[in-house]
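Working notes, structure below.
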Amino acid sequence: MDFEHNPGFWIEVQAHSYQGLCEEKEMQQNWYNPKDRFTKQRPAALWASSSAGPALAKLLLQSQESRLRPAAVYFLDGVVKSAGLVSENRRALEMVLHRNQKLNLLRIVVLLTVALAGLKFFFRDSFTLDQRKDTSGESGFWGKAGELKQSAKPWDGLPALLETKVAAAGQESRKQPVWDFSTTQMRLVHLDLKGAAPKVSYLEQVFPLFSKLGANGILIEYEDMFPFKGELEVLKSPYAYSEEDVERIQNLAEINKLEVIPLVQTFGHVEFILKHDKYRHLREVERFPNSFNPHVPETLAVLKALITQVLSKHRRSSWVHIGADEVFHLGEGMDSKNWLSRNAGDVGKMFLNHIREVVDFIASQDWGFQVLMWDDMLRKVSVAAVQDSGIAQHASPMLWFYAPNFDAQQIGKYVSKYAECGFKTIWFASAFKGTTGPAQAWTPLHHHLQNHLQWLSVMRSVAKAPSTRLQGIALTGWQRYDHYSALCELLPVGIPSLAVCLQTLVNGGFNEAAKKKVLEILGFQSLQLEKSTCVGSGAFPGLDIYRMVEQVNSQLKDSVLKVLEEERVHEDWENFIQTLRSHMEAVYFPDTVEEWMEENVNPHLDRLREFVRDFREVIRLNARPKKTL
């Protein structure tokens, strides 16, 4: 370019290393252009003569260091504005400026792309939660993997999302779970804590086992094991978990990729509440503490307090189960009878009115929970009544059947009904223990396996029906039939059954792959399903209790019934029971140990002890007759 006729002028240069390229004239002291955004330190001011100007400009433009090119642009801009260049020189300069403008535009585009990527990363959890509404099944049993119900545009809601984030600043926000289960078909292990609640130290051992076997969630029914406080403190057991225990349980679940779903009974099975004199007046029927009177305003007030305390300690959970099964004696109380006389005797509507109040309360809070409920009370309620109640907007029914040969076609009818009611998702509930007798001590493997095989056939049928989506299945492990019933099988005793049932669901049947996995994880050599026994040394948490309960169940009763041939039999059993007691005390609280012994050991061992006492008395008398009183 021809700069020979250009007058000298001031130029700002960022790099001092270029000072030697031209003759330094008079240095203007304290000169600085604050508008120069490219300068990071005080620049040197160089006098560029007409002879030095071209050389400096060319060198700046040809520089490989991008940080020096802005100085060249600034320089040339000054030339254009200050010198009366001929038109061809002006065009040449404009071309150079145009090229640099393109480079600057490219830089801006790159910066915007990086910024948008950063925003997407920052709000990744929120987009994942939005997508839960669109994605269906992940496996062949649950529907086509990755199938979308509608096109997802995750960026459409960004302005509202940003607004929500800002509005929530300074407030206690809900903790986001590490694992998102919203689009996953769930396999929940039910922990019924209304009896034989395990210590947290044992849960720490079995949670990894649950995960290995194929579970991805825990349905935890606290009852009186929750650390209620304030007005509700009377409800908690002397052995209730502490708040720290509840937090630890959730942390352990999170580590093992298990979603925690709390279960809070809100209508029936509320003996742990209504047994107390403080809440006796809330019973539906005064004689029975199992069901709430839905017409007393205080009923809902107590439930709101109860739900609030439990859910405030489960801010990482996505679902809450409100029970609502087997509301015995509903409609038999005087308040209910009066209501029914004014409402055409519609018990179903009365039930739904109460459930709607509970569901609406949960939905109105900022917790973000979806509601689950047992379905048995809905089976006889009309579709129109359910639709009118509006509960389908925030709740999902959980269909439960525990028999090994239940009617699969009947389940299909219920599924169709609930789809017509407007429920977007449904859940199923099977059983791995606690459903074969109110005082069952040993788990029948074949019975529970057949129950899960039957559920698999239902799942395959539901996967073909697009009207509703199956969200998951809960493998229930009942510990009591109700609050006042005897203990069912202990959790360690039910673990082989749980393993068989979970692997049956994972593998689509109890095939060789499922059997191999069960034996590998539990450390057994073989399973005898019909006899409900496992062969081999075994290796799983609670194995010692499993083996010793097996002996109590199969041998203690027989030992007492047969004629004692030597006193050593009694001593052996006393030592054995003492060892069993010590193992149980490591897993359970004292009340559970005593209750189980009272139900399963003492009735037989007391007879043995009485026999031994009589035998020793005979020996002491040396065949002499007893003294008469």
Output for Cβ contacts, cut-off 7 Å, separation at least six or different chains, first residue within 19 Å of ASP224 (Cβ to Cβ) in region 574-603, second of a type outside the set (Lys, Arg) and loosely packed, with under 15 Cβ neighbours inside 10 Å, reads PHE589/TYR239; ASP591/TYR239; VAL593/GLU585
GLU244 vs (1) more than 15 Å from ARG316 (Cβ to Cβ); (2) outside any helix (DSSP H, G or I): all pass except (2)
Filter region 567-609 for residues that are surrounded by 18 or more Cβ atoms within 10 Å (Cβ to Cβ), in a helix (DSSP H, G or I) and modelled with pLDDT of 90 or more and give the result.
LEU580, HIS583, MET584, VAL587, THR592, VAL593, TRP596, ASN600
What are the pairs, 6+ residues apart or on separate chains, where a residue within region 304-329 that is closer than 17 Å to GLN250 by Cα has its Cβ under 6 Å from a residue that is modelled with pLDDT under 95?
LEU311/TRP367; ARG315/ARG174; ARG315/LYS175; ARG316/LYS175; ARG316/PRO177
At positive phi and either outside the structural domain of MET350 (by TED's automatic domain parsing) or touching a Lys or Arg at 6+ places or on another chain (Cβ under 7 Å) (or both), is that true of GLY368?
yes
Looking at region 314-352, which of the residues that are among the polar types (S, T, N, Q) and within 22 Å of TRP427 (Cβ to Cβ) is surrounded by the fewest Cβ atoms within 10 Å (Cβ to Cβ)?
SER318
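One line per residue, one yes/no per condition, for (1) among the acidic types (Asp, Glu); (2) part of a helix (DSSP H, G or I); (3) within 18 Å of GLU221 (Cβ to Cβ):
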{"site": "ALA305", "(1), (2), (3)": "no, yes, no"}
{"site": "GLY323", "(1), (2), (3)": "no, no, yes"}
{"site": "VAL327", "(1), (2), (3)": "no, no, yes"}
{"site": "GLY331", "(1), (2), (3)": "no, no, no"}
{"site": "SER341", "(1), (2), (3)": "no, yes, no"}
{"site": "LYS349", "(1), (2), (3)": "no, yes, no"}
{"site": "VAL371", "(1), (2), (3)": "no, no, yes"}
{"site": "LYS380", "(1), (2), (3)": "no, no, no"}
{"site": "ALA385", "(1), (2), (3)": "no, yes, no"}
Out of everything in region 360-372 that is touching a helix residue (DSSP H, G or I) at 6+ places or on another chain (Cβ under 7 Å) and modelled with pLDDT of 95 or more, what residue ends up being surrounded by the fewest Cβ atoms within 10 Å (Cβ to Cβ)?
PHE361
Conditions first: (1) more than 22 Å from GLN528 (Cβ to Cβ); (2) touching a residue at least 24 places away in the same chain (Cβ under 8 Å); (3) of a type in the set (Lys, Arg). LYS433 passes all but one, so which condition is the exception?
(1)
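With the structure loaded, tell me whether CYS488 is within 27 Å of PHE540 (Cβ to Cβ), modelled with pLDDT of 95 or more and assigned to a loop (DSSP other than H, G, I, E, B) or whether it fails that test.
yes
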Just to be sure before I move on: is TRP339 under 26 Å from the mean Cα position of the chain (by Cα) and in the same structural domain as PHE267 (by TED's automatic domain parsing) in the structure I sent?
no
Hey, could you check region 403-412 for residues that are assigned to a helix (DSSP H, G or I) and within 29 Å of the chain's Cα centre (by Cα) and say which is modelled with the highest pLDDT?
ILE411
Which of the residues spanning region 477-495 are out of contact with any Phe, Trp or Tyr (no Cβ under 7 Å at 6 or more places or on another chain), surrounded by fewer than 24 Cβ atoms within 10 Å (Cβ to Cβ) and not aromatic (Phe, Trp, Tyr)?
ARG480, ASP482, SER485, ALA486
So for region 268-290 (the condition being buried (at least 19 other Cβ atoms within 10 Å of the Cβ), within 21 Å of the chain's Cα centre (by Cα) and part of a loop (DSSP other than H, G, I, E, B)), does at least one residue qualify?
no
Within region 437-471, tally of residues that are on the phi > 0 side of the Ramachandran plot and within 26 Å of the chain's Cα centre (by Cα)
0
Residue satisfying all of: in region 427-436; farther than 17 Å from GLU550 by Cβ and part of a loop (DSSP other than H, G, I, E, B); farthest from the chain's Cα centre (by Cα) among these:
THR435
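The values are calculated or read from the model by the stated rules, or taken from the named source; none is laboratory data. Here the structure is a predicted model, which means the values were calculated and not measured. All Cβ positions, even for glycine, are placed from backbone atoms using ideal geometry, and neighbour counts span all protein chains on display.
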